[in-house]
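J.: Take a look at the following structure, please.
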Amino acid sequence: MDFSKQIRDYIELEVAILGKLDQGEINRAMNLLEETRKKGSRVYVFGNGGSAATASHMENDFNKGVSEKLEKKYRFQCINANMATIMAIANDNGYDRVFIQQLENRLETDDVIVAISGSGNSENVVKAVRYAKKQGCQIIGMTGYSGGVIDELCDVSLHVPIENMQITEDVHLIINHLMMYVLCGELTGYPVH
């Protein structure tokens with residue numbers, strides 16, 4: 001079989017969507033993350049499914065990649081990474097509480113939330129975002145489709161304007177790598193290779 005056209009179409013669509021990203025919002029997100037690092041505050045990052053993988057990847061890229069040569073490190077915590085905790089909360093209290101319960105009585109006002117949801121409407125992510133806003137925390141939302149509830153609640157919107165989950169998740173990871181690459185180069189003088 002020849003999938004050449006489908007491959008070309010997918011790549012062309014992704015390139016077109018990258019051109020529609022709000023670069024000002026990416027800049028705002030990077031500045032907020034940098035302010036949070038300087039304060040010594042935490043960044044809690046989380047999502048479901050592919051977004052959970054992006055959240056874990058982001059924790060790694062900032063805690064190791066960007067922070068490696070910094071005296072004052074980023075303090076990212078991916079709260080979807082501990083399966084024992086996720087399963088215990090889901091079993092005992094419901095899947096809609098797997099993120100909010102981990103944030104309760106831990107969040108401080110200067111902490112930042114990175115909430116990742118392709119649809120922008122994942123109930124467990126929305127509940128955690130609403131809780132964090134009540135605690136006075138700023139929210140970076142990474143969404144696709146219409147942006148959903150999370151896009152309405154967030155302070156910084158990293159929205160991928162397409163109704164396609166695969167491209168949304170691809171672009172979320174590209175945004176993560178873009179921020180990591182630029183911050184590492186600017187803060188350490190050693191761009192990531």
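J.: Against the condition within 17 Å of residue 116 (Cα to Cα), out of contact with any Cys (no Cβ under 8 Å at 6 or more places or on another chain) and not in a helix (DSSP H, G or I), how does residue 21 come out, does it pass?
T.: Values: within 17 Å of residue 116 (Cα to Cα): yes; out of contact with any Cys (no Cβ under 8 Å at 6 or more places or on another chain): yes; not in a helix (DSSP H, G or I): yes.
It is true that residue 21 is within 17 Å of residue 116 (Cα to Cα), out of contact with any Cys (no Cβ under 8 Å at 6 or more places or on another chain) and not in a helix (DSSP H, G or I).
J.: For the stretch 4-18, indicate whether the set of residues that are touching a residue at least 12 places away in the same chain (Cβ under 8 Å), touching a His at 6+ places or on another chain (Cβ under 8 Å) and more than 17 Å from residue 111 (Cβ to Cβ) is non-empty.
T.: no
J.: Please state which one of 182, 160 is touching a residue at least 24 places away in the same chain (Cβ under 8 Å), among the aliphatic types (A, V, I, L, M) and within 27 Å of residue 8 (Cα to Cα). Write out each step before concluding.
T.: Values: 182 fails: within 27 Å of residue 8 (Cα to Cα).
Going through 182, 160 in turn, the sole match is 160.
J.: In addition: Could you list all residues from the stretch 108-137 that are assigned to a loop (DSSP other than H, G, I, E, B), out of contact with any helix residue (DSSP H, G or I) (no Cβ under 9 Å at 6 or more places or on another chain) and either charged (D, E, K, R) or crowded, with 24+ Cβ neighbours inside 10 Å (or both)?
T.: 108
J.: Among the residues of the stretch 33-56, what is the count of those that are out of contact with any strand residue (DSSP E or B) (no Cβ under 9 Å at 6 or more places or on another chain) and over 20 Å from residue 154 (Cβ atoms)?
T.: Number of matching residues: 3.
J.: Here are the criteria: (1) in a loop (DSSP other than H, G, I, E, B); (2) surrounded by 13 or more Cβ atoms within 10 Å (Cβ to Cβ); (3) of a type outside the set (A, V, I, L, M, F, W, C); (4) in contact with a helix residue (DSSP H, G or I) (Cβ under 7 Å, 6 or more places away or on another chain). Tell me which single one residue 41 does not satisfy.
T.: (4)
J.: Okay, next question. Checking the structure you have, find out if any residue of the stretch 148-156 is in a strand (DSSP E or B), under 21 Å from residue 30 (Cβ atoms), modelled with pLDDT of 95 or more and of a type outside the set (Gly, Ala, Ser). Before the answer, list the steps.
T.: Going residue by residue through the stretch 148-156, those that are in a strand (DSSP E or B) are 156.
Next cut, under 21 Å from residue 30 (Cβ atoms) only: 156.
After this cut, where a residue has to be modelled with pLDDT of 95 or more as well, the list is 156.
Next, from what is left, pick out any that are of a type outside the set (Gly, Ala, Ser): 156.
Checking the stretch 148-156: at least one residue is in a strand (DSSP E or B), under 21 Å from residue 30 (Cβ atoms), modelled with pLDDT of 95 or more and of a type outside the set (Gly, Ala, Ser).
J.: Among the listed residues 140, 150, 167, which satisfies the condition of being surrounded by fewer than 21 Cβ atoms within 10 Å (Cβ to Cβ), in contact with a helix residue (DSSP H, G or I) (Cβ under 9 Å, 6 or more places away or on another chain) and among the β-branched types (Val, Ile, Thr)?
T.: Working: 140 fails: surrounded by fewer than 21 Cβ atoms within 10 Å (Cβ to Cβ); 150 fails: surrounded by fewer than 21 Cβ atoms within 10 Å (Cβ to Cβ).
Step by step, each of 140, 150, 167 is checked, and only 167 is surrounded by fewer than 21 Cβ atoms within 10 Å (Cβ to Cβ), in contact with a helix residue (DSSP H, G or I) (Cβ under 9 Å, 6 or more places away or on another chain) and among the β-branched types (Val, Ile, Thr).
J.: Same structure again: Condition first: closer than 14 Å to residue 52 by Cα, of a type outside the set (Phe, Trp, Tyr) and modelled with pLDDT of 95 or more. Can you find one or more residues in the stretch 134-142 that meet it?
T.: yes
J.: Output the residue which, of all residues in the stretch 16-38 that are surrounded by fewer than 17 Cβ atoms within 10 Å (Cβ to Cβ) and among the small types (Gly, Ala, Ser), is nearest to the chain's Cα centre (by Cα).
T.: Here the answer is 24.
J.: How many of the residues making up the stretch 65-96 are assigned to a helix (DSSP H, G or I) and either modelled with pLDDT under 95 or surrounded by 13 or more Cβ atoms within 10 Å (Cβ to Cβ) (or both)?
T.: Going through the stretch 65-96 one residue at a time, the tally reaches 9.
J.: Does residue 68 meet the test of being closer than 25 Å to residue 154 by Cβ and either touching a residue at least 60 places away in the same chain (Cβ under 8 Å) or charged (D, E, K, R) (or both)? Before the answer, list the steps.
T.: Details: closer than 25 Å to residue 154 by Cβ: no; either touching a residue at least 60 places away in the same chain (Cβ under 8 Å) or charged (D, E, K, R) (or both): yes.
Answer is no for this residue.
The values are calculated or read from the model by the stated rules, or taken from the named source; none is laboratory data. Just so it is clear, the structure is predicted and the values come from calculations on it, not from any experiment. In this analysis, Cβ positions are derived from the backbone assuming ideal geometry, glycine residues included, and neighbour counts consider all displayed protein chains.
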